[in-house]
Each structure stands twice: as C-alpha cells, then as structure tokens.
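Each remark here refers to the structure printed beneath this line.
The values are calculated or read from the model by the stated rules, or taken from the named source; none is laboratory data. The structure displayed is predicted, hence computed values, not measured ones. Positions of Cβ are backbone-derived with ideal geometry, glycine not excepted, and every protein chain shown enters the neighbour counts.
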Amino acid sequence: MNTPNTVRKVAIVGYNRIPFARANTAYAEVGNQQMMTAALDGLIEKYNLEGKLLGEVVGGAVIKHTADSNLMRECVMQTALDPATPACDLQQACDTGIESAIYIANKIALGQIDCGIAGGVDSISDMPISVSENLRKILLNARKAKSFGEKIKWFLKLRLKDLTPLVPRNEESQTGLSMGGHTEITAKHYKISREDQDNLALKSHLNMAKAYDEGFFDDMITPFQGLDKDNNLRKDSSIEKLAKLNPAFDKKNGTLTAGNSTPLTDGASCVLLASEEWAKTHDLPILAYITFAEVAAIEYVKNQQNLLLAPLFAASRMLEKAGLNLQDFDYYEIHEAFAAQVLATLKIWESPELSAQIGLPKPLGAIDRNKLNVKGSSLAAAHPFAATGGRIIGVMAKLLNQKGSGRGFISICAAGGQGITMIVEK
C-alpha cells in the first residue's frame, strides 16, 4: 500500500448510463440486474474492457429484492469483464452512486487497486412487495407443522385482510413524512415561491433538451428497451404548463408539484475511474480528476425542514479542506430532487442570517446561476435514486474535458438527512 506521501491522483476516464425512465413505463418488465448490466455492458464496449480484470466494481440500489443481495457481483458475472473481477454492494440512499465513486477513488488513491467501476441502479417498477405480518407468521408456523392437519389449522387462521400485499412506502421512518412532505416544509420555512420553483424546473428541461439537440449525450447513453433518451424530459415544457399543475403533497397550500419535483424513476449509470498510469497504459482519456469529497448528515426529526440540506455542511467542510471558495468553480451540479431544495440551498448560502441559524460557520455566498446544471439535471432526466450520482459525475467530467480546464462542484442530497459534495478538476 502507498504511504500518505504517495497518494495517487484519481482520474475519471469513462462514463455510461441507460436512459432514465419514469416508473412503470419503458422498464416495467425489467429489474435492477438487467438495467445495471446494460449500463456496464455499454461502458465495457465503449472503453474496450472486454476480458479485462479490473480492481473492483462497486455500487448498489436503494430498493432491492432479496435476490439482489449480491447485486453488483451478479451483474459483473453477466458482462464481458474477466469474471475474476471482484464486486460489492454499497447503499447510502440517493448518495449511493457518488459514494460508490468515493469508495473506488480512495482505493485507487491508496494504491490498493489501479482501476474500478462505480455505479448505481434503481427500479421502482420492480419494487419488492412484502406480505402482512400475520400471513408471514402463519406461513412460518405451517411450515414447521408436523402433520397435514396441523398445517390446515394454521391456514384456517388466515383472514382476507392478511392477503393484502405490502408495498414499500416512500417515507422517512423517523418522521412518517415523504421526501416531498419534508421539502414542502422546507419551501414554507425558507419562503421558496412556487414561481421560482417552476422557473428552475423549466430551465432544467430546456437545458437538457438543448444538450440532447447538440449531441452532448450521444456518447454518454446506451439505448435500452427501446429508449434512446430520458422519457421524463419535456422539450415543450413552459412556465404556463407548469403553473397549471396542482400541488402534489400539500394539496391545499403546497407549492411542490409533479412538475417541480422528480418522479419515481428506473435507471442505471456507471463511471470508470483509474490511476493516471493505468489510463495511459490502456490508451484511455483522462477526462478529469476527483480531488475532494465530503459526506455529512443533519438532524431532521425535530427540524423537519432540514431533511435534504446536509450538503450545506459537506460543502462547508470540503471547501475549507480544499482551500477554495464556493465561487471558485466553472460549473455547479446540484442534484434537483426538488426545485425547492435547490433554491433553499442557494438561499442559505447567500444569507448570513440563515447560515447562522442552520449552524454553518459562515455563509458561502452566491454562485453564478448561469453555471448551474447547464445541461439540465434531475428535474428533467428524473431520479433513479442510486443512479443519479453516476449521471452527474459523468456530465461534470465531460463538461470539464470539453473546456480543457477548470473546476466542478457537485452536491447530492439524500434520504435520512444525508448528503455528499465532490470537487472534480481538469
């Protein structure tokens, strides 16, 4: 293992994803393994990795069946990679994809591996369904019964309501509120207007539509199941259409709608990371480098407006370690779980009073919003939880590679009051 004095630079050398699809549409008949394998297959083909032994493949899904317990290894075994390539699962809610990249990057930096793939996938369409607790107990006891008559006795205890399937609920176990419910509280607490939310959502769609038209995503996406682009994207979106949508969470007084919130989504993404030496040996481009990253968490049970604001603390600590200001970046990629959460983040950064109230050591200041999510982000592409990190890292690496130099700031919020920030440089 390298000593701390010989920590290696970590290069982003490749990226790939499948188009993201709204739940129960194009990918309704496939699951995590098929989607993740498709994203990996596209990466492997694009960068001539067939038969190669990589250091490790890591990633995961937020929502998994028990059959997906060894998800990434199962996916590797279905690809053209050398089957001796190890893999493991990692899960940190919506941070999964970017946390997986940090995992691989740290191993490369320390000399434990020379290259690796980080990825993430989620299928809402193929969501696991559980049985009721009473049915579970009856089935277990019937299984242990020593006679047919005893089994029948247990089954006679069944009631019709016991047969109702239990679908996982999209809510925080600590509060019973959904992400949207929490963010509605955030919008009210920080006085984020419906008009500002809709404007941010519109800009995301228009920026992504333009990027598609210009061919920016041509080398970033592998077509899958008949899709060649994200089917949540609305090229014809307008502020008038967004304004007509009803509130989605607080039906009477809410400002969050289906237009300024991300929908439930299916999809997969991955990035290829390597040491400079490995990239050069394999004739692969060094698109950019991962230089700093930070993970943080925040209390959100008493202060329910805080759920998706942990990146504020990650950013503050990361920038201090990097010796940089928030304004020292050419591009900003802030995951748009909800327009309100992005706007609240920006407002707190700009306000000494709000920064002090939430507990930041100092306000980080305003950013140039023309540099924010310039190719569209999650409100347009949508958000398969674990896959968003890989999508955003890929976009940032390509932007910096095209520019030829510069710095990129990435921020992703997550369930459980967690968040990650990252600096990518060229």
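Return the residues of region 303-333 that are charged (D, E, K, R) and not in a helix (DSSP H, G or I); say none if nothing qualifies. Explain how you work it out, then say what you get.
Of all residues in region 303-333, those charged (D, E, K, R) come to 317, 320-321, 328, 330, 333.
Scanning region 303-333 gives 328, 330, 333.
Suppose we filter region 117-136 for residues that are in a helix (DSSP H, G or I) and surrounded by 14 or more Cβ atoms within 10 Å (Cβ to Cβ); how many remain?
Summing the residues that are in a helix (DSSP H, G or I) and surrounded by 14 or more Cβ atoms within 10 Å (Cβ to Cβ) in region 117-136 gives 2.
Filter region 182-210 down to the residues that are of a type in the set (Gly, Ala, Ser) and surrounded by fewer than 21 Cβ atoms within 10 Å (Cβ to Cβ), then identify the one that is farthest from residue 258 (Cα to Cα).
209
Report whether or not residue 139 is farther than 30 Å from residue 29 by Cα and hydrophobic (A, V, I, L, M, F, W, C).
Judged against the criteria, residue 139 is not a match.
Within region 399-409, does at least one residue satisfy the condition of being in contact (Cβ under 8 Å) with a residue 40 or more places away in the chain, surrounded by 23 or more Cβ atoms within 10 Å (Cβ to Cβ) and over 27 Å from residue 276 (Cβ atoms)?
Checked region 399-409: no residue is in contact (Cβ under 8 Å) with a residue 40 or more places away in the chain, surrounded by 23 or more Cβ atoms within 10 Å (Cβ to Cβ) and over 27 Å from residue 276 (Cβ atoms).
Return yes or no: is residue 346 free of Cβ contacts under 8 Å to residues at least 40 places away in the same chain, at negative phi, of a type in the set (A, V, I, L, M, F, W, C) and in a helix (DSSP H, G or I)?
Spelling it out, residue 346 is indeed free of Cβ contacts under 8 Å to residues at least 40 places away in the same chain, at negative phi, of a type in the set (A, V, I, L, M, F, W, C) and in a helix (DSSP H, G or I).
Do we have any residue at all in region 281-289 that's aliphatic (A, V, I, L, M) and either under 16 Å from residue 420 (Cα atoms) or free of Cβ contacts under 8 Å to residues at least 60 places away in the same chain (or both)?
no
Taking residue 320 as meeting all but one of (1) within 30 Å of residue 52 (Cα to Cα); (2) surrounded by fewer than 17 Cβ atoms within 10 Å (Cβ to Cβ), write down the number of the exception.
(1)
Within region 203-222, identify whether any single residue is at pLDDT 95 or above, assigned by TED's automatic domain parsing to the domain that holds residue 353, of a type in the set (S, T, N, Q) and closer than 30 Å to residue 358 by Cα, and answer yes or no.
The answer is yes; a qualifying residue exists.
Taking the residues in region 358-412 that are farther than 30 Å from residue 127 by Cβ and basic (Lys, Arg) as candidates, determine which candidate is farthest from the chain's Cα centre (by Cα).
Among those residues, the one meeting the criterion is 362.
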